[in-house]
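Report on the following structure.
The values are calculated or read from the model by the stated rules, or taken from the named source; none is laboratory data. No experiment lies behind these values; they were computed from the predicted model shown. All Cβ positions, even for glycine, are placed from backbone atoms using ideal geometry, and neighbour counts span all protein chains on display. Note: accessible area is taken over every heavy atom of the protein model, side chains too, but ligands, DNA and RNA are not part of it. Shrake-Rupley method; radii C 1.70, N 1.55, O 1.52, S 1.80 Å.
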2 protein chains.
Amino acid sequence: MKNPIEHLNKVFDSRIRLGIMSALMINAEVNFNELKELIEVTDGNLATHLKTLEENNYIKVQKGFVGRKTNTTYSVTKAGEKAFKLHLEALEKMIKSIS
Amino acid sequence: MKNPIEHLNKVFDSRIRLGIMSALMINAEVNFNELKELIEVTDGNLATHLKTLEENNYIKVQKGFVGRKTNTTYSVTKAGEKAFKLHLEALEKMIKSIS
DNA sequence: TTTTATTGCTTTGTGTTACAAAGTGCTTTT
DNA sequence: AAAAGCACTTTGTAACACAAAGCAATAAAA
């Protein structure tokens, strides 16, 4: 038997960061409030997790406007895509070995 | 877009508990030291996570002997199997929606 | 028979993380 | 002028992770 968790990425252990990454993999760009409603977190909490992902170089931030309102969108980086895909592969293998 | 993480089980957010459950789903019974080597945790840490799973009624404990040495084995309960499968299904759906 | 090892914990201590709530600065709408 | 929205930051608290050490019971080794 092999260690079933050795290839999992610790950054993605957090359900909220998992949710953020998942949303950003499906939609190329998602803004702050969309994420907030989707994941159902407080804005402070969301900002913290976004920062963690940013510090790990997994997502990047674009600050812009929609009409005259500020609008911050987030998207995955190449590194983030790679790391997340590896994580999902590790999860898939784990799941397959069970069922 | 739907919340990608709403059906994930918080008990299984922890990589170690995920590993324990995974090991117990594959092997009907696993003992303390096997788990310890497999997951690569200290015994104190392992005991704590096992206790959490036990308190959630997801695993059960059998105390016995191998030869003349004490031997504690762990196995999943019906509830544990159900909860874990639901968690894996939620993960799979998340993965599929991405790739 | 004294010592050492093994098993499966519990306890202790420390550091990290999660999170809500409140506060902030800037802009925009009313 | 006041209220609201956006995207945070700060603060405080509680939960969690983890290693290391301690411990009780038995067993094996010297």
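Remarks
- Which numbered condition residue A:59 misses (of (1) within 13 Å of DNA strand D (Cβ to nearest atom); (2) out of contact with any helix residue (DSSP H, G or I) (no Cβ under 7 Å at 6 or more places or on another chain); (3) hydrophobic (A, V, I, L, M, F, W, C); (4) under 30 Å from residue B:22 (Cβ atoms)): (2)
Residues are listed down the side, and each one gets a yes or a no for (1) touching a Ser or Thr at 6+ places or on another chain (Cβ under 9 Å); (2) farther than 23 Å from residue B:84 by Cβ; (3) among the basic types (Lys, Arg):
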{"site": "A:10", "(1), (2), (3)": "no, no, yes"}
{"site": "A:22", "(1), (2), (3)": "yes, no, no"}
{"site": "A:43", "(1), (2), (3)": "no, yes, no"}
{"site": "A:56", "(1), (2), (3)": "no, yes, no"}
{"site": "A:71", "(1), (2), (3)": "no, yes, no"}
{"site": "A:79", "(1), (2), (3)": "no, yes, no"}
{"site": "A:87", "(1), (2), (3)": "no, no, no"}
{"site": "A:93", "(1), (2), (3)": "no, no, yes"}
{"site": "A:98", "(1), (2), (3)": "yes, no, no"}
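- When each of B:24, B:8 is tested for being within 14 Å of DNA strand C (Cβ to nearest atom), among the aliphatic types (A, V, I, L, M) and either assigned to a strand (DSSP E or B) or under 19 Å from residue A:11 (Cα atoms) (or both), the lone residue that passes is B:8.
- Enumeration of residues in the stretch B:27-71 that are under 20 Å from residue A:5 (Cβ atoms), assigned to a loop (DSSP other than H, G, I, E, B) and of a type in the set (D, E, K, R): B:29, B:40
- Meets criteria (open to solvent by 20 Å² or more (accessible area, probe 1.4 Å), within 8 Å of DNA strand D (Cβ to nearest atom) and either at pLDDT 95 or above or more than 10 Å from the chain's Cα centre (by Cα) (or both)) for residue A:31: yes
- Of all residues in the stretch B:56-91 being among the charged types (D, E, K, R) and away from chain A (no Cβ under 14 Å), the one that is most open to solvent (accessible area, probe 1.4 Å): B:68
- Scanning the stretch A:44-55 for residues that are more than 10 Å from DNA strand C (Cβ to nearest atom) and open to solvent by less than 50 Å² (accessible area, probe 1.4 Å) gives A:50, A:53.
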